[in-house]
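To keep things clear, I will list the structure first and then write my remarks on it.
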Amino acid sequence: MSIDAGMLAVLRAWRQATQFSGDEDWVFASPARLGRQPWSCDQVWPSFLSAAEAAGIGRLGTHSMRHTYRSWLDAAGTTVAVQQKLMRHGDIRTTMNVYGDVVTNEMQEAHSEVVQMALPKPN
């Protein structure tokens, strides 16, 4: 699996800051579990929901990040085949029909381009 250089830098910085930084430790080891297990969804979820509420997004589901990731891949112009692989879907129909939506400003930009094609050019 590939990893972006910027994300690798963030993970390396995290490794420098965390108390569980050994080669055999979890990347996101839970202090509540003395580093023997990773953070669980139950530990992270309340903070995730609070952050969404504070940002004015409202309530989110457990797959919100996956839907956002697919939308961003699409907005970046990534081919559907690459999206399928990055999302680790066995069937491309899952990628196409379940995940992702257009990014709002993309719709406006596409609409504006079509309108410009349809309207007469000013002299």
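The values are calculated or read from the model by the stated rules, or taken from the named source; none is laboratory data. Note that this is a predicted model, so its numbers are computed, not measured. For neighbour counting, all protein chains shown are included, and Cβ atoms are generated from backbone atoms with ideal geometry for every residue, glycine included.
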List the number of the failed condition for residue 122; all other conditions in (1) over 23 Å from residue 2 (Cβ atoms); (2) under 17 Å from the mean Cα position of the chain (by Cα); (3) without any contact (Cβ under 8 Å) to a residue 12 or more places away in the chain hold.
(2)
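Table: residues versus (1) of a type in the set (Asp, Glu); (2) surrounded by 10 or more Cβ atoms within 10 Å (Cβ to Cβ); (3) under 24 Å from residue 86 (Cα atoms); (4) not assigned by TED's automatic domain parsing to the domain that holds residue 87.
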site: 17; (1), (2), (3), (4): no, no, no, yes
site: 24; (1), (2), (3), (4): yes, no, no, yes
site: 32; (1), (2), (3), (4): no, yes, no, yes
site: 37; (1), (2), (3), (4): no, yes, no, yes
site: 40; (1), (2), (3), (4): no, yes, yes, yes
site: 45; (1), (2), (3), (4): no, yes, yes, yes
If we keep only residues of segment 82-123 that are in a helix (DSSP H, G or I), touching a helix residue (DSSP H, G or I) at 6+ places or on another chain (Cβ under 9 Å) and among the β-branched types (Val, Ile, Thr), then the residue surrounded by the most Cβ atoms within 10 Å (Cβ to Cβ) is 95
Which of (1) aliphatic (A, V, I, L, M); (2) within 14 Å of the chain's Cα centre (by Cα); (3) assigned by TED's automatic domain parsing to the domain that holds residue 2 does residue 54 not meet, given it meets every other one?
(2)
Residues located in segment 70-81, provided they are under 16 Å from residue 2 (Cα atoms) and surrounded by 13 or more Cβ atoms within 10 Å (Cβ to Cβ):
73, 78
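Can you find even one residue in segment 5-23 that is under 30 Å from residue 58 (Cβ atoms) and part of a loop (DSSP other than H, G, I, E, B)? Give the steps one after another, and end with the answer.
Quick first cut of segment 5-23, residues under 30 Å from residue 58 (Cβ atoms) only: 6-7, 10-11, 14.
Retained after the next criterion (residues that are part of a loop (DSSP other than H, G, I, E, B)): none.
Looking for residues that are under 30 Å from residue 58 (Cβ atoms) and part of a loop (DSSP other than H, G, I, E, B), one finds none in segment 5-23, hence no.
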Scan segment 32-56 and report the pairs whose first residue is outside any helix (DSSP H, G or I) and whose second residue is among the aliphatic types (A, V, I, L, M), with Cβ atoms within less than 9 Å and a gap of 6+ or a chain change.
35/29; 36/29; 37/29; 38/27; 38/29; 39/29; 39/32; 40/32
For segment 54-65, name all the residues that are surrounded by 12 or more Cβ atoms within 10 Å (Cβ to Cβ) and at pLDDT 90 or above.
none
